[in-house]
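The values are calculated or read from the model by the stated rules, or taken from the named source; none is laboratory data. Computed from a prediction, not measured in an experiment: that's the story for all the values here. Positions of Cβ are backbone-derived with ideal geometry, glycine not excepted, and every protein chain shown enters the neighbour counts. In case anyone asks, the SASA skips ligands and DNA or RNA and just uses the protein heavy atoms, side chains included. Shrake-Rupley method; radii C 1.70, N 1.55, O 1.52, S 1.80 Å.
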Amino acid sequence: MSLHPITKAIRTRNERTYEMEHSSPLFLTSSFTFDTAEDMRAAFADETDDNIYSRFSNPTVKEFVDRVCALEGAEDGFATSSGMSAIFATFMALLKQGDHLLSFSAIFGSTHTVITKFLPRYGIEHSYINVNKPEEWEAAIRPNTKMIYLETPTNPGLDIVDISRISAIAKKHNIILNVDNCFATPVGQRPIDHGADLVVHSATKWLDGQGRVLGGVVVGKSELIYDIYLFCRSSGPAMSPFNAWILSKSLETLDARMERHSSNALYLAQKLENHPKINSLKYPFLASHPQHEIAKKQMFNGGGLVCFELKGGIEAGRKFLDSLEMLSLTANLGDSRSIASHPASTTHAKLSEKERREVNITPGLIRISVGLEHRDDILNDILQALDKC
Ligand SMILES: *Cc1c(COP(=O)(O)O)cnc(C)c1O
């Protein structure tokens, strides 16, 4: 029987123990035992798939990874303690001194820091193109370009990058295409179907969906994942089995949750688009989004994030946050509870105005992570806060 990705993910699970439990058990153990010296030797020699130590592999973590692979259509994967450790592992395992990484500045802040502050210490070069000028990609490729790293939709500006277009360039030049699919989730977009070699996730966000645990995962081509596995096995960013157990269960509701997150988000976007206090509003599935056609081509839904620019700038942004009665002010996204954030006064406050412009953070930019509350309650809270700023 050929199954849809979500069905495969829901039905993928560890073999049952002798208790015949329906829900998957949690294998909260650091190591695994062997009956004989010979069994142990064979496991260490990679002649068997037996688990040895949870820094290398663990059945609960494997179940989570297998489910993400089913959702993304990936050959293999590895789960890590956070999204950043997954991203960092892809760089450390696959790039070396003298290699060049190509990306754009409108990527997640910590990824930007790793690329610009830490990779250069190891002789790994980088350059950025303008995310909204896709014609720049090919010209920016150098003989030593080894990886293209992209995020779509971008954080927090919600720009959309055409994955198929970039993957065609990457293939032509034999470059690894690594895509952060955190914002769309695998039920909103499958980068591998469009030619990506690797997909990374912060599982902390929509995959958990309830703001409980940190986690990361990278999936993609087996031979690349094998190198990432070897790096992680020795350097130790393993995902906790407890977090994997939480996240694995969360994946069973991912499709149902994202359907509601995105229908709530589309509703808010439509209601707020022409609000007198708002200069411009972005949502990938609104016809007014500059890359709407690309979004429609590569995404199954518009996702759970909406961003808009307040006419009143930085002061209006602060006033807006202070006037919210229900929405949470917190440094996370992808939760069942709606969250508002104002990057210019928080996550990007240390940058100069000019630097913020370069990463598309305008003074009055507000990002809403749309939750699962009743859509009118979310809308009404935003409307009353807009009235006050
Ligand atoms: C949060 C986030 C990350 C980092 O994930 P952590 O789990 O916080 O380490 C990476 N990329 C994007 C797009 C994110 O939103």
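Structure notes:
- For Lys282, distant residues with modelled amide H under 5 Å away: Cys307, Phe308
- Charge tally in the Cβ shell below 15 Å around Ser341, where Lys, Arg are +1 and Asp, Glu are -1, Ser341 excluded: +3
- On a per residue basis, the chain carries 45 Å² of accessible surface, using protein heavy atoms and a 1.4 Å probe.
- Within the shell of other residues whose beta carbon sits under 14 angstrom from the beta carbon of Leu383, the net charge comes to -2, with Lys and Arg scored +1 and Asp and Glu -1.
- For segment 356-368, 3J(HN,Hα) per residue [Karplus equation, 6.51 cos²θ - 1.76 cosθ + 1.60, θ = phi - 60°, Hz, x = Gly/Pro]: 5, 4, 4, 9, 6, 9, 8, x, x, 6, 10, 10, 10
- Within-13-Å neighbourhood charge of Arg233 [Cβ basis; K, R +1; D, E -1]: -1
- Tilt relative to the chain, helix 241-251 - C-alpha long axis, 0 to 90 degrees, to 10: 60 degrees
- Rounded to the nearest Hz, the phi-derived 3J(HN,Hα) couplings of segment 260-271 under the Karplus curve 6.51 cos²θ - 1.76 cosθ + 1.60 (θ = phi - 60°) are 6, 4, 7, 6, 4, 5, 4, 4, 4, 4, 5, 6, where x marks glycine and proline.
- Accessible surface of the chain, 1.4 Å probe, proportion on carbon and sulfur as whole %: 52 percent
- Relative contact order computed over segment 254-387 (Cα-Cα under 8 Å; 6+ residues apart), in percent: 28 percent
- Given Lys8/Lys282; Lys172/Lys249; Lys296/Lys388; Lys62/Lys146; Lys221/Lys296, the pairs whose alpha carbons are separated by over 31 Å: Lys8/Lys282; Lys172/Lys249; Lys296/Lys388
- With the highest mean first, a sort of the peptides 150-162, 333-345 on other beta-carbon atoms found within 10 angstrom per residue produces 150-162, 333-345.
- Between Glu373 and Lys388, the contour length at 0.36 nm per residue exceeds the alpha carbon distance by 3.2 nm.
- Each Lys and Arg adds +1 at its Cβ and each Asp and Glu adds -1 at its Cβ; summed about the Cα centre, segment 45-170 shows a dipole of about 620 debye.
- For Glu151, nonlocal amide neighbours, meaning residues 5 or more places apart or on other chains whose placed amide H falls under 5 Å from its own, are Asp180.
- Helix axis angle, 83-94 relative to the chain longest principal axis, alpha carbon, degrees: 60 degrees
- Global geometry of segment 5-251, whether rounded, prolate or oblate, following the gyration tensor of its Cα atoms and the 1.5 cut on a/c: prolate
- Rounded tilt (10° steps) of 222-235 against the dominant C-alpha axis of the chain: 80 degrees
- Rounded to the nearest whole Hz, the Karplus-based 3J(HN,Hα) values (6.51 cos²θ - 1.76 cosθ + 1.60, θ = phi - 60°) of segment 144-159 follow the sequence 9, 5, 10, 9, 10, 10, 9, 10, 8, x, 7, 10, x, x, 6, 6, with x at glycine and proline.
- In this structure the amide hydrogen of Lys205, modeled in the peptide plane, comes within under 5 Å of no amide hydrogen from residues 5 or more places off or on another chain.
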